[in-house]
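S.K.: Got a structure for you, questions after.
The values are calculated or read from the model by the stated rules, or taken from the named source; none is laboratory data. No experiment lies behind these values; they were computed from the predicted model shown. Here the Cβ is made from the backbone with ideal geometry for all residues, glycine too, and neighbour counts use every protein chain on show. Each accessible area value is taken on the protein alone, full model and side chains, heavy atoms only, with ligands, DNA and RNA left out. Shrake-Rupley method; radii C 1.70, N 1.55, O 1.52, S 1.80 Å.
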Amino acid sequence: MNTISTPNAPAAIGPYSQGIIANGMLFASGQIPVDPATGVIPEGIAAQAEQACKNCGALLAAAGLDFSKVVKTTCFLADIKDFAAFNEVYARYFVSKPARSCVAVRDIPKGCLCEIEILAQVE
């Protein structure tokens, strides 16, 4: 197993890694929309979805990958009413249309409106 860590995505806020490569796959921890440079969470679902996607991209880059290697995402929304606005941003990044689950949850860390978890093929 290899640990993936980058300052270009938010640091872990608990006892976990940003990502792990094992058996030819990158297993990335969920990315909330925290700007890693400032610690700021943008306002609104579109801006938060954008930042969460950028954070996923930073983890992919740290593993030497890009969005085309993502095979599965799990997306969490604080409010399912944000589904369409979230999808509009998500579709610009995940153009290869990986398998996906998207669910509304009661709370997301730091009061965020969305979180994205990715699995990507390394080999």
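S.K.: Do any residues in the stretch 66-85 that are in contact (Cβ under 8 Å) with a residue 40 or more places away in the chain have Cβ atoms under 6 Å from those of residues that are among the acidic types (Asp, Glu), where the two are at least six apart or on different chains, and which pairs are they?
M.R.: The qualifying pairs are Thr74/Glu117; Phe76/Glu115.
S.K.: Right, something else. If I filter the stretch 78-99 down to residues being under 12 Å from the mean Cα position of the chain (by Cα) and not in a loop (DSSP other than H, G, I, E, B), which single residue comes out as surrounded by the most Cβ atoms within 10 Å (Cβ to Cβ)?
M.R.: Start the filter on the stretch 78-99 by keeping residues that are under 12 Å from the mean Cα position of the chain (by Cα), which leaves 90, 93-94.
Among the residues that remain, those that are also not in a loop (DSSP other than H, G, I, E, B) are: 90, 93.
Working: Tyr90: 21, Tyr93: 19.
Within the stretch 78-99, the match that is surrounded by the most Cβ atoms within 10 Å (Cβ to Cβ) is Tyr90.
S.K.: To continue, here is another question. Can you tell which of Val71, Val34, Val103, Val89 is over 21 Å from Ala12 (Cβ atoms) and touching a Pro at 6+ places or on another chain (Cβ under 7 Å)?
M.R.: Details: Val34 fails: over 21 Å from Ala12 (Cβ atoms); Val103 fails: touching a Pro at 6+ places or on another chain (Cβ under 7 Å); Val89 fails: touching a Pro at 6+ places or on another chain (Cβ under 7 Å).
Unique residue meeting the criteria: Val71.
S.K.: Right, here's the next one. Just one of the numbered conditions (1) over 23 Å from Ser17 (Cα atoms); (2) at pLDDT below 95 is not true of Glu123; which one?
M.R.: Looking at each condition in turn, Glu123 falls short on (1).
S.K.: Still on this model: Does Ala63 fit the bill of being surrounded by 17 or more Cβ atoms within 10 Å (Cβ to Cβ), over 22 Å from Ala11 (Cα atoms) and among the aliphatic types (A, V, I, L, M)? Give the steps one after another, and end with the answer.
M.R.: On the way: surrounded by 17 or more Cβ atoms within 10 Å (Cβ to Cβ): yes; over 22 Å from Ala11 (Cα atoms): no; among the aliphatic types (A, V, I, L, M): yes.
No; evaluated as a whole, the condition is false for this residue.
S.K.: Out of the stretch 12-29, which residues are under 19 Å from Asp66 (Cβ atoms) and of a type outside the set (Ser, Thr, Tyr)? Give the derivation first.
M.R.: Applying the first criterion (under 19 Å from Asp66 (Cβ atoms)) to the stretch 12-29 yields 18-21, 24-29.
Once the filter is applied, which keeps residues that are under 19 Å from Asp66 (Cβ atoms) and of a type outside the set (Ser, Thr, Tyr), the stretch 12-29 yields Gln18, Gly19, Ile20, Ile21, Gly24, Met25, Leu26, Phe27, Ala28.
S.K.: State all residues of the stretch 1-21 that are open to solvent by 20 Å² or more (accessible area, probe 1.4 Å) and aliphatic (A, V, I, L, M); if no residue qualifies, say none.
M.R.: Within the stretch 1-21, Met1, Ala11, Ala12, Ile13, Ile20, Ile21 meet the criteria.
S.K.: Hey, could you check the stretch 33-55 for residues that are part of a helix (DSSP H, G or I), touching a helix residue (DSSP H, G or I) at 6+ places or on another chain (Cβ under 7 Å) and open to solvent by less than 40 Å² (accessible area, probe 1.4 Å) and say which is nearest to Asn23 (Cα to Cα)?
M.R.: That would be Cys53.
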